[in-house]
Structures are given as C-alpha cells and as structure tokens.
Amino acid sequence: MTPSSRIALGISYRGSLYRGWQVQKDGLMTVQGSLENAIEKFTEHTCRTACAGRTDAGVHALNQVVHFDAPVRRDMFSWVRGLNAFLPSDIAVRWAREVDARFDARNAAIGRRYRYILFESPTRPSIENGLVGWTFKPINVDCMRESAAMLLGEHDFSAFRSSQCQAKSPIKILREINISKKGNYLFFDFEASAFLHHMVRNIMGSLLMVGSGVKPTHWMQDILLAQDRKLAAPTFSPDGLYFIGPRYEPSWGLPETGSEFQDLWALA
C-alpha cells in the first residue's frame, strides 16, 4: 500500500444519538463527523469520507460502506483497530480494504438494502426503545403484502419522496419488499437500485395504514400512480430502520456483510 491509496471501510452504528450520517453546518453530532474525527486522530491528517447511502437522524446501519483517500501507510487490521480506538462505542469499523482508485462507495453500488423492525403491542417498547418502530394497532400482514407487491418494479416514487430529497430523478427500481413476522415483531426487508430521501419510512407509514385497516389494499397503487406526496401517509419513525448495506459487483472484492444480522430482534 502506498500513501494516498483509496481505502474502503465497512461501518456499523446505532444512529439514535446522531443527526444522521452527513456532517451538518450547525456542528451537531453526526456519524460522518465522528468517523472523520477518528481518522484525523489516527493518521494526524484531515480526510473527507464518502458513503454508500446517507442515513437520516435516528437511523442505524449494519454495513455502511465508506471510502476515503488515505494519507499514510497502515495494514488493514490496523485501520480497523486504530479507528475503533478513537470512535464512540455506538460506531464501529468492521472491516477495511484497499481498493482501486476508481472505486466510489456511492456510485459503484448496484443496489441497497434496508430492514425495518416493527414492534406490535398495546404498550410501547422499553428495552428496544430507539431500536424498533412501534404500533399499538393489530396489523394484517396479508393486506400489507398485497399492497407492497404493487410497488415492485421500476416506478416514479414521487409519492414517497421527501421535499428535501436531492436525487436527480424520482424513478427507482424497487426489487424486493419482504414482510415476515415472529411473535410481536414484524420485519420489512427492502432492496432497490437506490432510495429517495425518506422513501422507506414513507412507504412504511402507508403500509401501516393498509395493515391497520385505515386504507384498502389498492390505495397503495392509487397513491403511487398519483405521484403526489400529500396523498400518502406521514413519514414513519426512524427508530426501527436499519441500512443493511449496499451491493457491489464481485470484482471490487468487498465483503457483503449484514446478512448475519437479518434475524436481528427475531425472537423465538
């Protein structure tokens, strides 16, 4: 490895205390700011990082992929141990790889995966507070599955797009929405080419309106075709949302982790 080589990192974090991934002008605590601070302390150089998918305030990540141009020589295991020594306990570097200078964590991703964990109970969560979403209403999973299927494929997702979204186009390919349940926990797995700002949380809010019987199953297709954010449900809580991670072509040689967390909170 030579100085100024490009390094990719796999990062996991609990987002509860952070204002999201991206550094904020107001100086409030962010994941990116904490990581770049750790890199500066470890290398004694200032580095800017870029990630595969910017997460919102309160959203967690299991395999956020980051790249930066390293100004010093370090073994890969040293990047992991060294950065973790300077990171807070709710952020951890899981792996490090030297990559081709053409690699870009965001632009090289061919897909992204999210999981939403929902706690269905008359009473709010306690131990899982901040780690799961919550509904006190009984949920009809079959109705939600029927509605979710209407969103699959390539569509204009303007109905589920935040007004602050900076994406060039609202057209995305939603490849999977899988809904499962264990005990009081519901698991929503999403995979798409890319996601718009608040897209998963906005879809979650609308799915829950169908699942709780407030709206009929065909309502999901109606709002999708209308392409009007005002017609869809309010943005749902970030608490149970996890960025599982991006997908890359195997030629980049990066570990595709996150699958070992697929049963997170899947209690027997």
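The values are calculated or read from the model by the stated rules, or taken from the named source; none is laboratory data. Just so it is clear, the model here is predicted, and its values are computed rather than measured. Note: ideal-geometry Cβ built from the backbone for every residue, glycine included; neighbour counts use all protein chains shown.
Where strands (runs of 3 or more DSSP E) fall wholly inside segment 120-192, no range has 2 or more residues that are of a type in the set (S, T, N, Q) and at pLDDT below 95.
Check I139, I179 and return the single one that is closer than 29 Å to I127 by Cβ and touching a Gly at 6+ places or on another chain (Cβ under 6 Å). Only one candidate passes the filter, namely I139. Just one residue in the set V23, V59 is within 26 Å of L131 (Cβ to Cβ), in contact with a Leu (Cβ under 6 Å, 6 or more places away or on another chain) and of a type in the set (V, I, T); that residue is V59. Taking T55 as the residue in question, decide whether it is under 22 Å from L254 (Cβ atoms) and in a loop (DSSP other than H, G, I, E, B). It is true that T55 is under 22 Å from L254 (Cβ atoms) and in a loop (DSSP other than H, G, I, E, B). Of the candidates L208, L241, the single residue that is over 13 Å from the mean Cα position of the chain (by Cα) and either crowded, with 23+ Cβ neighbours inside 10 Å or of a type in the set (A, V, I, L, M) (or both) is L208. May I ask you to list pairs of residues, at least six apart or on different chains, whose Cβ atoms are under 6 Å apart, with the first in segment 18-47 being touching a residue at least 12 places away in the same chain (Cβ under 8 Å) and the second being in a loop (DSSP other than H, G, I, E, B) and aliphatic (A, V, I, L, M)? If the second residue must be in a loop (DSSP other than H, G, I, E, B) and aliphatic (A, V, I, L, M), the pairs left are Y18/M29; R19/L28; R19/A57; G20/A57; T30/V23; Q32/V23; A38/L87; T43/V72. Under the condition of being within 24 Å of the chain's Cα centre (by Cα) and small (G, A, S), which residue from segment 211-233 is surrounded by the most Cβ atoms within 10 Å (Cβ to Cβ)? Out of the qualifying residues, it is G211. Each residue in segment 83-94 was checked for being outside any loop (DSSP other than H, G, I, E, B) and surrounded by fewer than 19 Cβ atoms within 10 Å (Cβ to Cβ), and 5 pass.
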